[in-house]
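The values are calculated or read from the model by the stated rules, or taken from the named source; none is laboratory data. None of these values were measured; they are calculated from a predicted model. Here the Cβ positions follow ideal geometry from the backbone for every residue, glycine too, while neighbour counts run over all protein chains shown.
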Amino acid sequence: MEGGSVLRHGLPGEQLLPLTSADAVSMADTLVSIRDLRVAFGGVPALRGVDLDVRRGEAVGLVGESGCGKSVTWLAALGLLPAKAAVAGQVLLDGQDLLGASPATLDRIRGGRIAMIFQDPASALNPVHRVGRQVEEALRLHRGMAGPAARAEARRLFDLVGIPDAGRRLDTYPHEMSGGQNQRVMIAMALAGQPELLVADEPTTALDATIQAQILDLLRRLQAETGMALVLISHDLGVVADMCSRVGVMYAGRVVEQAPAGALFTHPAHPYTVGLLGALPDMVGPRRRLSAIPGGVPEPWNLPPGCAFAPRCDHASPACAAAVPALQPAGDRHLAACIRVNARAPEPA
Amino acid sequence: MLRFLGLRLARAALTIGLVVTFAFVVLRLSGDPALMIMSPEAPAEAIAAFRHAWGLDQPIWAQYLRYFGAILHGELGQSMRDGRPAIQLVAERIPATLAITLPALLVKVGLGIPAGIHAALHRDSLTDRIVMAGAVAGFTVPSFVLGLLLVLLFAVQLGWLPSGGQESWRSAILPVITLGLGGAGILARFTRSAMLEVLGQPYIRTASAKGVPWRAVVRGHALPNAAIPTVTVVGFMVGSLIAGAVVVESVFSWPGVGRLLVVAVANRDLAVVQCILLLVAATMVLSNLIVDLLYGVLDPRLRSQAAAGAH
């Protein structure tokens, strides 16, 4: 716990700030709490101590370049990584650690309390089973439904996620549907277990732009209607800004900044986040040359000492190589893992 | 569907026609049946009479046309050796061949598929290594070597089983094991790689992510997909039920179709060889057809393709 303790409310770093009523509510309302999650594949680290909280009903965005560990974080949390992955740390769901949980416990939680949808819906659905059957399987597992009741409920879910002609669509195979329709099936399947958290891993990356917007609208509507929490994994800052109230930024297997979406986009505290935002075109204002972050993400087997971003950072100093910087307060509910954060005056809340 | 079947049947007929032609050419180019069946010391008039009786004195293309025409009429000719209809000679041997190839098929499927599945599910474990070493040995050791080794061990050294012949059901045990082990090795490897391929697919992760217990993921999501490539190999084995035991029948002096083929080729007994080849081609083509139809049952994607191609 020590590694992640700075994140807990009321601990030294945040005692300086007055607790707001929102903080008091959120303390009791934490659904999933990831602490110092570490994953290595054959000795090569993929996650190097991830700390992240998800509160009930909130939408959290998780952004970063591919390979930074966004997906691995949640695959590891749900025990979905291959056996050769070494996983350490804590993933607490209502205080219960998922990383030591029995297979039977995990099977009840997966799909039942935490559901997950994936990037490429066409290959995420089993090609030899009808889509209705795949949804009914989740209904049977988590709600004990079978036969006509399960079919009726699957049909209701298809209607809910906006699949036209739901009754007939239940009997089609994934290859007979478009990518957007398949993703709707995946979402219906995820909703079947009435989860408290839906983890959407790049749910629109493989889809056309117009379909992307439809799927995101659907996720937003479903989240509002069901009250479930949503983790949106994306490399698209615009999508995350649009959908999420809080955002975590990951770099080289760690969360380097997390903040309410508004604060993150207006006052980014970590140089990596600053660089990501600088690479986005502005919607208003004069045209300017987009700035790219120099260099590339370091290979996971060849990380620099201390801050992994230091070699690409304009503000790097010798002190950056001394130790991996911990997340520290950079504003109201705003944390950043950069040694320069302490040196600056806190931004107005 | 009708067009699909029609195309298949046309292809099957073409295959069989090519097999018949190829066999005719090879057999007629490689030696003179008259000299093989009569002894080379036989009087020249006798050989000439034999040639005339069997039409061997006619131009080769005329012989071919006559032969092909007869096959189209369902006449497969007579054995040059004992004058009986070739089809009768071959048919007499089929039960003996099936008596070892059918149990061997059970060994292949019953041993190879479970071993391959187990190896895939416990990849890189000790059992995986043992199964795969056995599989490699099973299909790299030629069947005549394996057969002779088994004879040495169980017939010569231990004296438990007969070394050949067809005296009792015990005579069939060694041929069945010889045939079965090699095929089981092939099938184990194919099943393992098919399973590994499927287990790495995103839909397997989806099934786990929605809370399906692992055993049910394997049974309900992985096996139906891995069955598709495995069926191809099993189909090939079904296709070789008649002709797959040539070597093993020879090693164990088992009086089946395979040994008849060896003897008939040695004697240039054209009609018998042709008849066996025709039978082999027909079983191969038939099993391929069954495999194609099974694909449609197993894989809805191919079903829609066939439907799209047939409208």
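Of a type in the set (D, E, K, R), in contact with a His (Cβ under 8 Å, 6 or more places away or on another chain) and either surrounded by fewer than 24 Cβ atoms within 10 Å (Cβ to Cβ) or at the interface with chain B (Cβ under 7 Å from one of its Cβ atoms) (or both): does that describe A:R143? Outline the logic, then answer.
On the way: of a type in the set (D, E, K, R): yes; in contact with a His (Cβ under 8 Å, 6 or more places away or on another chain): no; either surrounded by fewer than 24 Cβ atoms within 10 Å (Cβ to Cβ) or at the interface with chain B (Cβ under 7 Å from one of its Cβ atoms) (or both): yes.
It is false that A:R143 is of a type in the set (D, E, K, R), in contact with a His (Cβ under 8 Å, 6 or more places away or on another chain) and either surrounded by fewer than 24 Cβ atoms within 10 Å (Cβ to Cβ) or at the interface with chain B (Cβ under 7 Å from one of its Cβ atoms) (or both).
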Could you tell me how many of the residues in segment A:209-235 are under 12 Å from the mean Cα position of the chain (by Cα) and surrounded by fewer than 18 Cβ atoms within 10 Å (Cβ to Cβ)? 1
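Looking for something among the hydroxyl-bearing types (S, T, Y) and under 27 Å from B:V273 (Cβ atoms) - is there at least one such residue anywhere in segment B:126-136?
Initially, segment B:126-136 is screened for residues among the hydroxyl-bearing types (S, T, Y), giving B:127.
From what is left, the residues that are under 27 Å from B:V273 (Cβ atoms) are none.
Scanning segment B:126-136 turns up no residue that is among the hydroxyl-bearing types (S, T, Y) and under 27 Å from B:V273 (Cβ atoms).
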Hey, can you tell me all the residues within segment B:95-150 that are of a type outside the set (A, V, I, L, M), under 18 Å from B:G256 (Cβ atoms) and touching a Ser or Thr at 6+ places or on another chain (Cβ under 7 Å)? B:S143, B:G147
Looking at B:L98, B:L148 in this structure, which one is modelled with pLDDT under 90 and assigned to a helix (DSSP H, G or I)? B:L148
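Suppose the filter is within 14 Å of chain B (Cβ to nearest Cβ) and in a helix (DSSP H, G or I); does A:A149 pass it? So that I can check it myself, show each step before the final result.
Values: within 14 Å of chain B (Cβ to nearest Cβ): no; in a helix (DSSP H, G or I): yes.
Judged against the criteria, A:A149 is not a match.
Can you tell which of B:A207, B:A184, B:A188 is at pLDDT 95 or above and either surrounded by 21 or more Cβ atoms within 10 Å (Cβ to Cβ) or within 14 Å of another protein chain (Cβ to nearest Cβ) (or both)? I'd like the intermediate steps shown before the answer.
Numbers: B:A184 fails: at pLDDT 95 or above; B:A188 fails: at pLDDT 95 or above.
After applying the criteria, what remains is B:A207.
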I want to confirm something. Restricting to segment B:251-272 and keeping residues that are surrounded by 19 or more Cβ atoms within 10 Å (Cβ to Cβ) and among the small types (G, A, S), which single residue is nearest to B:T21 (Cα to Cα)? B:A271
Are any of the residues in segment A:278-295 within 30 Å of A:L222 (Cβ to Cβ) and modelled with pLDDT of 90 or more? no
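Out of the residues in segment A:99-133 that are of a type in the set (D, E, K, R) and crowded, with 20+ Cβ neighbours inside 10 Å, state the one that is farthest from the other protein chains (Cβ to nearest Cβ).
Here is the first cut: in segment A:99-133, the residues of a type in the set (D, E, K, R) are A:107-108, A:110, A:113, A:120, A:130, A:133.
Now restrict to residues that are crowded, with 20+ Cβ neighbours inside 10 Å: A:107, A:110, A:113.
On the way: A:D107: 5, A:R110: 4, A:R113: 9 Å.
Within segment A:99-133, the match that is farthest from the other protein chains (Cβ to nearest Cβ) is A:R113.
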Looking at B:V218 and the list (1) within 12 Å of another protein chain (Cβ to nearest Cβ); (2) more than 27 Å from the chain's Cα centre (by Cα), which single condition is not satisfied? (1)
Counting only residues in segment A:70-92 that are of a type outside the set (G, A, S) and surrounded by fewer than 20 Cβ atoms within 10 Å (Cβ to Cβ), the one nearest to the other protein chains (Cβ to nearest Cβ) is identified as A:L80
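Is there a residue being surrounded by fewer than 18 Cβ atoms within 10 Å (Cβ to Cβ) and in contact with a Phe, Trp or Tyr (Cβ under 6 Å, 6 or more places away or on another chain) anywhere in segment B:142-154? Break it down stepwise before answering.
To start, the set of residues in segment B:142-154 that are surrounded by fewer than 18 Cβ atoms within 10 Å (Cβ to Cβ) comprises B:142, B:144-145, B:148-149, B:152-154.
Narrowing the set further to residues that are in contact with a Phe, Trp or Tyr (Cβ under 6 Å, 6 or more places away or on another chain) leaves B:154.
The answer is yes; a qualifying residue exists.
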Is there a residue being farther than 30 Å from B:L174 by Cα and touching a helix residue (DSSP H, G or I) at 6+ places or on another chain (Cβ under 7 Å) anywhere in segment B:91-106? no
When you scan segment B:56-75, how many residues do you find that are within 21 Å of B:L29 (Cβ to Cβ) and surrounded by 12 or more Cβ atoms within 10 Å (Cβ to Cβ)? 12
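Hand me the list of helices (runs of 4 or more DSSP H) wholly inside segment A:179-265 holding 1 or more residues that are in contact with a Leu (Cβ under 9 Å, 6 or more places away or on another chain) and basic (K, R).
Answer list for segment A:179-265: A:179-192, A:209-226.
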What's the number of the condition A:A188 fails, among (1) surrounded by fewer than 22 Cβ atoms within 10 Å (Cβ to Cβ); (2) hydrophobic (A, V, I, L, M, F, W, C); (3) closer than 20 Å to A:I114 by Cα? (1)
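Among the residues of segment B:6-35, count how many are in a helix (DSSP H, G or I) and more than 28 Å from the chain's Cα centre (by Cα).
Applying the first criterion (in a helix (DSSP H, G or I)) to segment B:6-35 yields B:6-29, B:33-35.
In the following step, the residues that additionally are more than 28 Å from the chain's Cα centre (by Cα) were identified as B:34-35.
Of the residues in that region, 2 qualify.
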Quick one: count up the residues across segment B:101-112 that are more than 10 Å from B:G183 (Cα to Cα), of a type in the set (A, V, I, L, M, F, W, C) and crowded, with 24+ Cβ neighbours inside 10 Å. 0
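Within segment A:156-175, does at least one residue satisfy the condition of being facing chain B (nearest Cβ under 8 Å), surrounded by fewer than 18 Cβ atoms within 10 Å (Cβ to Cβ) and over 25 Å from A:G79 (Cβ atoms)? Working first, answer last.
At the first step, the residues of segment A:156-175 found to be facing chain B (nearest Cβ under 8 Å) are A:173, A:175.
Next, from what is left, pick out any that are surrounded by fewer than 18 Cβ atoms within 10 Å (Cβ to Cβ): A:175.
Subset that is over 25 Å from A:G79 (Cβ atoms): A:175.
Scanning segment A:156-175 turns up at least one residue that is facing chain B (nearest Cβ under 8 Å), surrounded by fewer than 18 Cβ atoms within 10 Å (Cβ to Cβ) and over 25 Å from A:G79 (Cβ atoms).
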